[in-house]
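**Q** Mind having a look at this structure? Questions to follow.
The values are calculated or read from the model by the stated rules, or taken from the named source; none is laboratory data. All values reported here derive from a predicted model rather than from experimental measurement. Glycine gets a Cβ as well: all are built from the backbone with ideal geometry, and neighbour counts include every protein chain shown.
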Amino acid sequence: MSHFSTIKTKIRDKQILIKALNILEYNILEDQELYVSGNHGIGHEKVDAEVSIASDIGFRLNPMTGEYELVADLETWNMNIPVERFIDKLNQQYAKATINDFLDDKGFTISKESTTIDNEIQITASRWV
């Protein structure tokens, strides 16, 4: 029987999580009830998610840690990439969005951004003083 699995993350900011998912081009819904795929909640497991990208993939805030957890039915994971790669890409874009917000708040302008062959993101920022 399918069920939801929970994967811990270090993601703490909902708005930056949403920015990162937008960068990755996912359609985002907020405050949704997720269902184990194909069951539509009829007598089966359901989970409330603050942010979701599918009927069975989303994120909920763990009040004990203050971090968002990925909740998904891993048995029916139908994304075009494995869950581990999804988490890696999300973490990278979350870090990028966090840095961009920080730089913007401090008055910096991103003058150059590039991605290396190893998928490392390099950002050059400047600010007039």
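**Q** In region 1-10, what count of residues is obtained for those that are assigned to a loop (DSSP other than H, G, I, E, B) and either surrounded by 14 or more Cβ atoms within 10 Å (Cβ to Cβ) or acidic (D, E) (or both)?
**A** Of the residues in region 1-10, 3 are assigned to a loop (DSSP other than H, G, I, E, B) and either surrounded by 14 or more Cβ atoms within 10 Å (Cβ to Cβ) or acidic (D, E) (or both).
**Q** Hey, could you check region 75-105 for residues that are touching a Ser or Thr at 6+ places or on another chain (Cβ under 9 Å) and surrounded by fewer than 15 Cβ atoms within 10 Å (Cβ to Cβ) and say which is modelled with the highest pLDDT?
**A** It comes out as N91.
**Q** Additional query: Say whether the condition of being within 17 Å of F4 (Cβ to Cβ) and of a type outside the set (D, E, K, R) is met by at least one residue in region 87-105.
**A** Yes, that holds for at least one residue.
**Q** Also: Looking only at region 49-83, which residues are of a type outside the set (V, I, T) and out of contact with any strand residue (DSSP E or B) (no Cβ under 9 Å at 6 or more places or on another chain)?
**A** Of everything in region 49-83, those that are of a type outside the set (V, I, T) and out of contact with any strand residue (DSSP E or B) (no Cβ under 9 Å at 6 or more places or on another chain) turn out to be P63, M64, G66, N80, P82.
**Q** Right, something else. Restricting the first residue to region 15-36 and requiring it to be among the charged types (D, E, K, R), which pairs with a second residue that is assigned to a helix (DSSP H, G or I) meet a Cβ separation below 6 Å and a spacing of at least six or different chains?
**A** K19/A97
**Q** State all residues of region 106-129 that are of a type in the set (F, W, Y) and surrounded by 15 or more Cβ atoms within 10 Å (Cβ to Cβ); if no residue qualifies, say none.
**A** F108
**Q** Say whether the condition of being among the β-branched types (V, I, T), closer than 20 Å to N80 by Cα and modelled with pLDDT under 95 is met by at least one residue in region 26-35.
**A** no
**Q** When you go through (1) touching a residue at least 60 places away in the same chain (Cβ under 8 Å); (2) more than 14 Å from L17 (Cα to Cα) one by one for A54, which number turns out not to apply?
**A** Going through (1) touching a residue at least 60 places away in the same chain (Cβ under 8 Å); (2) more than 14 Å from L17 (Cα to Cα) one by one, A54 breaks only (1).
**Q** Could you please find all residues in region 11-30 being surrounded by 14 or more Cβ atoms within 10 Å (Cβ to Cβ), of a type outside the set (K, R) and assigned to a helix (DSSP H, G or I)?
**A** Answer for region 11-30, where residues must be surrounded by 14 or more Cβ atoms within 10 Å (Cβ to Cβ), of a type outside the set (K, R) and assigned to a helix (DSSP H, G or I): I16, L17, I18, A20, L21, I23.
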